[in-house]
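As structure tokens, the structure follows; a few thoughts come after it.
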Amino acid sequence: MTKTFDLETATAVETARAVRDGTTSALEACEAAITRIEARDVRINAVVVRDFERAIAAAKRIDKTRTKDDACPLLGVPMTVKESNDVAGLPSTWGMPVFKDLKVHDDGVAVARLKAAGAVILGKTNAPVALADWQTVNPIYGRTVNPHDPERSPGGSSGGAAAALAAGMIPLELGSDIGGSIRIPAHMCGVFGHKPTYGVVPLKGHGFPGTDGIDVPLAVLGPMARSAEDLRIALGVVAGPLPGAGYKLDLPPARRTKLREFRVLVLDRHPSAATASSVRDALAAFADKLEQVGVAVTFGSTAVPDLAAAHADYTKMLMAVTTRGTPGVQPITAHAWMDLEDEQMRVARRWQALFDDFDIVLTPPFGTPAFPHDDNPNWSERKLMIDGELTRYGAQVAWAGVATYPGLPATALPIDKTPQGLPIGVQAIGPKFADRTTIAFAELLEREGLTA
């Protein structure tokens, strides 16, 4: 039975196909998305920078020039990008009032590639101050709420992105991640997200406001979507070195083409962070489903690097990166940084050896489902209630660091919901540069009906 095309629920790939063959037009897709944003975002506050007039003009240009053999993979796809991504003519404040009047003259590299691939940028989605929280609230744009429960966080820092996707406003987004900022919102809102291998997507145009320097260590840009296939297509658009680099990106094909061929390792506990039984139970039930379709599933392995030690060094590196330039912060020495890089390489090699025996490592992206808003500015005083016990809020960066510290690709996908209707996700981590493997795993799961 042929699926009827519906702009309301269409993925990015389906929308591009429909625009290409004339089933719909880029303008129709654009205006339908604008209508959804205007109707649904009143209570969610996800799309905080709107560029509808230029989007409509861009859609009209596509309709004038498109052909049935147009090769643009995102032809006429309406989408938004995280506020921290530079779009010429729009603010990139990172939620900080001091930057609200800073002029942005050029598109970031990833944004420019999305436009060249046919995407129509409708505006930007909300993020926390300095992209430094798993909540999404700032003094410029206010608070974004979780579409599943407005009393709870949508995650962060790509919280506006995940909320816009979960509410059905748009099919595709561009987020960023250094401490789980793609994977955690995807988990809390019930959508898909991909943290690429470090360095695969250039960060130019996603720097701290007013700066233009090296790509930030540990940080990545990556796609978020309502389908795994869209992650694959969007990653193919934004990945690759800067022009003139003298080399090309050649990611290997997916290791496996059938779900039952995958070898999966499950890690459901971290020595540095508490994990709720609801999250661990969902992961265990998901592992059972994998075994039922023939996937080889293993719980735990002595080959896993020392997670507590890796977390300690990841935290040191993360703090050095995120506090750079902060008044009163004592910077680490160059030699101390190089020591951290040495250990990072040793951990990465241990992971690479582990992936001789496994294709995918499954872990929670975060220790709880979406949690209630907490406006306490002092992270050390914030607590999360996990199985009846108060635990440290900041400790949850441990799950993100499993993939971030060694620079591994990780695809977040929804696997379940709590009895209260809150999404629960998982991150599928793969070997370095095996981005196509982790996304293929998510695609196969989606086709088998094993995602939530």
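For the chain, state what percent of all Cα-Cα pairs lands in each successive 10 Å bin, counting from 0 Å until the bin that includes the largest distance.
In whole percents, the pair-distance histogram is 5, 22, 34, 27, 11, 2, 0.
Would you give the gap between the C-alpha center of the stretch 178-199 and the C-alpha center of the stretch 437-452, rounded to a whole Å?
Here the answer is 16 Å between Cα centres.
Under a cut-off of 20 Å between alpha-carbon atoms, report the lysines in cross-link reach of residue 417, not counting same-chain residues fewer than 8 places apart.
Within the straight-line cut-off, residue 417 pairs with 289.
Can you compute the helix-only [θ] at 222 nm over the chain? Use -39500 (n - 2.57) per DSSP H run of at least 4 residues, normalise by all residues, nearest 500 deg cm²/dmol.
Helices in the chain give a 222 nm mean residue ellipticity of -10500 deg cm²/dmol.
Which FRET efficiency value, to the nearest 0.05, do you get for residue 306 and residue 373 by plugging their Cβ-Cβ distance into 1/(1 + (r/R0)^6) with R0 = 30 Å?
0.30
Carbon and sulfur atoms: what percent of the 1.4 Å accessible area of the chain do they account for?
Looking at the chain in its full context, I get 53 percent from C and S.
Among residues other than residue 195 whose Cβ falls under 13 Å from its Cβ, what is the net charge (Lys/Arg +1, Asp/Glu -1)?
0
State the Cα centre-to-centre distance between the stretch 376-392 and the stretch 43-58 in whole Å.
35 Å
Over every pair of different alpha-carbon atoms in the stretch 185-231, take the mean of 1/r and invert it; report that Kirkwood radius in Å.
This gives a value of 12.1 Å.
Using a probe radius of 1.4 Å on heavy atoms only, what accessible surface per residue do you get for the chain? Whole Å² is fine.
Averaged over the residues of the chain, the accessible area is 41 Å².
Considering Cα pairs under 8 angstrom that are at least six residues apart, work out the relative contact order of the chain and quote it in whole percent.
Normalised by residue count, the contact order of the chain is 16 percent.
Please work out how much length the chain gains when fully extended from residue 21 to residue 53, using 0.36 nm per residue of separation minus the C-alpha to C-alpha distance, in nm with one decimal.
Gain on extension, residue 21 to residue 53, equals 9.0 nm.
Rounded, prolate or oblate: which one fits the stretch 181-264, using the alpha carbon gyration tensor with axes a ≥ b ≥ c (rounded when a/c is under 1.5, else prolate when a/b beats b/c, else oblate)?
Oblate.
Just give me a number: lysine pairs in the stretch 61-206, eight or more positions apart or cross-chain, with C-alpha atoms less than 29 Å apart.
Lysine pairs meeting both conditions in the stretch 61-206 amount to 24.
Output the peptides 353-365, 153-165, 316-328, 408-420 sorted from most to least packed, where packing is the average of other Cβ atoms within 10 Å over each peptide's residues.
The peptides rank, most packed first, as 153-165, 408-420, 353-365, 316-328.
Suppose each label sits 7 Å from its Cα in the direction of the beta carbon; what would the residue 39-residue 339 distance come out to in nanometres?
Distance between the two pseudo-spin positions: 5.9 nm.
By a straight-distance test (C-alpha under 20 Å), which lysines pair with residue 316 as possible cross-link partners, with residues fewer than eight away in the same chain excluded?
Hits, sequence-local ones excluded: zero.
With +1 assigned to the C-beta of every Lys and Arg and -1 to the C-beta of every Asp and Glu, and no other charges, what is the dipole magnitude of the chain about the Cα centre in debye, to the nearest 20?
Here the chain has a charge dipole of around 560 debye.
Let's test this: bin the Cα-Cα distances of the stretch 367-451 at 10 Å from zero up to the farthest pair and state each bin's percent.
15, 36, 33, 16, 1
So if the hydrodynamic radius of the stretch 125-181 is defined as the Kirkwood radius over C-alpha pairs, what does Stokes-Einstein give as its diffusion coefficient at 20 °C and 1.002 mPa s, in µm² per second?
The estimated diffusion coefficient comes to 196 µm²/s.
Using per-residue counts of other Cβ atoms within 10 Å, averaged over each peptide, order 257-269, 38-50, 189-201 from highest down.
Top of the packing list down: 189-201, 38-50, 257-269.
Need the C-alpha centroid separation for the stretch 79-155 versus the stretch 325-366, integer Å.
Taking the Cα centre of each part, the stretch 79-155 and the stretch 325-366 sit 27 Å apart.
The values are calculated or read from the model by the stated rules, or taken from the named source; none is laboratory data. Model, not experiment: these values are computed from the prediction. Methodologically, a virtual Cβ is constructed for each residue, glycine included, from the backbone with ideal geometry; neighbour enumeration extends over all protein chains shown. When the accessible area is computed, the model is the full protein with side chains, heavy atoms only, and any ligands, DNA or RNA have been set aside. Shrake-Rupley method; radii C 1.70, N 1.55, O 1.52, S 1.80 Å.
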